[in-house]
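Can you read through this structure? Questions will come right after.
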Amino acid sequence: MKPTHFLAAATLGLLLATPARAADEHAAHHAPPAATDAAAPWTEGEVRKIDRAQAKLTLRHGRIENLDMDGMTMVFKVADPRLLEGLKTGDKIRFAAESRQGVLTVTAVEPAN
Ligand SMILES: [Cu+2]
């Protein structure tokens with residue numbers, strides 16, 4: 001095999017390997033759930049109800065671009081009960097949410113200023 005052919009084969013192998021490795025890194029990034037997730041866009045919200053036992057959060061939220069959802073009041077699962085620490089009903093927040101196995105899940109919360 002000529003050196004140029006070897007290089008091409010090595011490059012192709014690298015390209016084919018990349019998607020699987022990226023998926024692994026993504027899984028690692030989400031386990032355990034982080035307090036913040038820089039990849040998810042922020043959405044404005046207001047805390048309407050907190051269910052710490054069920055790790056659920058009722059929010060009145062603005063439009064969620066990544067979920068293609070207009071503003072409403074609804075219940076979310078939270079990725080980690082620690083996200084509920086310090087929250088109380090009526091708090092204005094910014095949050096990130098995504099669909100995990102079809103369950104709309106809050107992955108990050110921070111106070112809105
Ligand atoms: Cu909604």
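Where a number appears in this text, it was derived from the coordinates with a stated rule and is not lab data. Since the model is a prediction, treat every value here as computed from it, not as a measurement. Note that each Cβ is placed from the backbone with ideal geometry, even for glycine, and that neighbours are counted across all protein chains shown.
Taking amide H atoms as placed 1.01 Å from N in the peptide plane, list the residues 5 or more away in sequence, or in a different chain, whose amide H sits under 5 Å from that of Ala108.
Those qualifying (amide H under 5 Å, at least 5 residues apart or on another chain) are Ala96.
Nearest 0.05, what FRET efficiency do Glu85 and Arg63 give at R0 = 41 Å with Cβ-Cβ as r?
Result of the calculation: an efficiency of 0.95.
Using modelled backbone amide H atoms (1.01 Å from N, in-plane), which distant-in-sequence or interchain residues come within less than 5 Å of Asp91's amide H?
Val47
With θ set to phi - 60° and the Karplus curve 6.51 cos²θ - 1.76 cosθ + 1.60, what are the ³J(HN,Hα) couplings of region 68-82 in order, to the nearest whole Hz, using x for Gly and Pro?
6, 10, 6, x, 5, 10, 7, 9, 10, 6, 10, 5, 8, x, 4
Could you list which residues have their amide H under 5 Å from that of Met69, counting only those 5 or more apart in sequence or on another chain, with H placed in the peptide plane?
HN-HN under 5 Å from Met69: Ile64.
Using 0.36 nm per residue of separation minus the Cα-Cα distance, give me the extension gain between Glu46 and Met74 in nm, one decimal.
So the chain would gain 9.0 nm between Glu46 and Met74.
Moving to a separate point now. Once phi is turned into ³J(HN,Hα) by the Karplus curve 6.51 cos²θ - 1.76 cosθ + 1.60 with θ = phi - 60°, what whole-Hz value does each residue of region 41-50 show in order, with x for glycine and proline?
Per residue, the Karplus-derived 3J(HN,Hα) values read x, 7, 10, 6, x, 10, 6, 9, 7, 10 Hz.
Can you list which of the GluC sites (Glu not before Pro) found in region 38-108 are DSSP loop residues with at most 13 other C-beta atoms within 10 Å?
Within region 38-108, the qualifying GluC sites (Glu not before Pro) (loop, at most 13 other Cβ atoms within 10 Å) are Glu85.
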